[in-house]
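Here the structure comes first, spelled out in structure tokens, and everything after it is commentary.
The values are calculated or read from the model by the stated rules, or taken from the named source; none is laboratory data. Bear in mind the structure is a predicted one, so any value in this text is a computation, not a measurement. Here the Cβ positions follow ideal geometry from the backbone for every residue, glycine too, while neighbour counts run over all protein chains shown. These accessible areas exclude ligands, DNA and RNA; they are computed on the full protein's heavy atoms, side chains included. Shrake-Rupley method; radii C 1.70, N 1.55, O 1.52, S 1.80 Å.
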Amino acid sequence: MSGDLLTMLRVHDLPPTWDGLAVLWSGWEYASPGLFICPPPLREVCEGCGLPTTERGFPAWSTNRGLVAVSAVLTHDDLRYEEENRARLGALAHRRKPRALFRLHAFRCHSCSLDDIWDTDTDEWWTLDHTDYGDDGSTG
Ligand SMILES: [Zn+2]
């Protein structure tokens, strides 16, 4: 299957919810070797296209961080509001109980757009299929 077809089937760029919890994605960044203090155990070859996940020592993937609500009653608007508030509060924000956590890391293959998700809460890896990009999000 070509990468174009894979991405064409996607309603959203990434799952809008994760097991019923709202997710705000930070935006794609080119993966750099120094990005992680503790590098996630990426596969050696991409499951989608079979190409190596590194090119001359550099990852051939982009990464995205997902801010996940701690409760199913929180909406995407709640999370956005909370993030704005925290940005305004600066250092004081740490005293507030978080309503969302940067729990998910997404990895996208540069050649076939396959997305792998690392759930740092459960330390599980998920390879997304097109059903995960619908309005109902991903239900692992
Ligand atoms: Zn690939």
Open item on the list: For the structure I just gave you, tell me whether residue 88 is more than 30 Å from residue 49 (Cβ to Cβ) and either basic (Lys, Arg) or at pLDDT 90 or above (or both).
Closed with: yes
Task: Residues satisfying the stated conditions in segment 81-112, i.e. out of contact with any strand residue (DSSP E or B) (no Cβ under 9 Å at 6 or more places or on another chain), of a type in the set (A, V, I, L, M) and open to solvent by 40 Å² or more (accessible area, probe 1.4 Å) - done: 87, 89, 91, 92
Open item on the list: The conditions are (1) modelled with pLDDT under 80; (2) touching a Leu at 6+ places or on another chain (Cβ under 7 Å), and residue 54 fails exactly one of them. Which is it?
Closed with: (2)
Task: Of all residues making up segment 113-130, the number that are surrounded by 13 or more Cβ atoms within 10 Å (Cβ to Cβ), within 13 Å of residue 9 (Cβ to Cβ) and modelled with pLDDT of 90 or more - done: 4
Open item on the list: Yes or no: segment 7-30 includes at least one residue that is modelled with pLDDT under 90, aromatic (Phe, Trp, Tyr), open to solvent by less than 60 Å² (accessible area, probe 1.4 Å) and out of contact with any Asp or Glu (no Cβ under 8 Å at 6 or more places or on another chain).
Closed with: no
Task: Criterion violated by residue 137 - all others in (1) surrounded by 18 or more Cβ atoms within 10 Å (Cβ to Cβ); (2) without any contact (Cβ under 8 Å) to a residue 40 or more places away in the chain satisfied - done: (2)
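With the condition kept exactly as written, say whether any residue in segment 86-94 is closer than 12 Å to residue 18 by Cβ and not charged (D, E, K, R). Can you show your working first?
Just the residues of segment 86-94 that are closer than 12 Å to residue 18 by Cβ, to begin with: none.
Within segment 86-94, none of the residues are closer than 12 Å to residue 18 by Cβ and not charged (D, E, K, R).
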Open item on the list: Residues that are more than 16 Å from the ligand (Cβ to nearest atom) and within 11 Å of residue 66 (Cβ to Cβ): does segment 124-131 have at least one?
Closed with: no
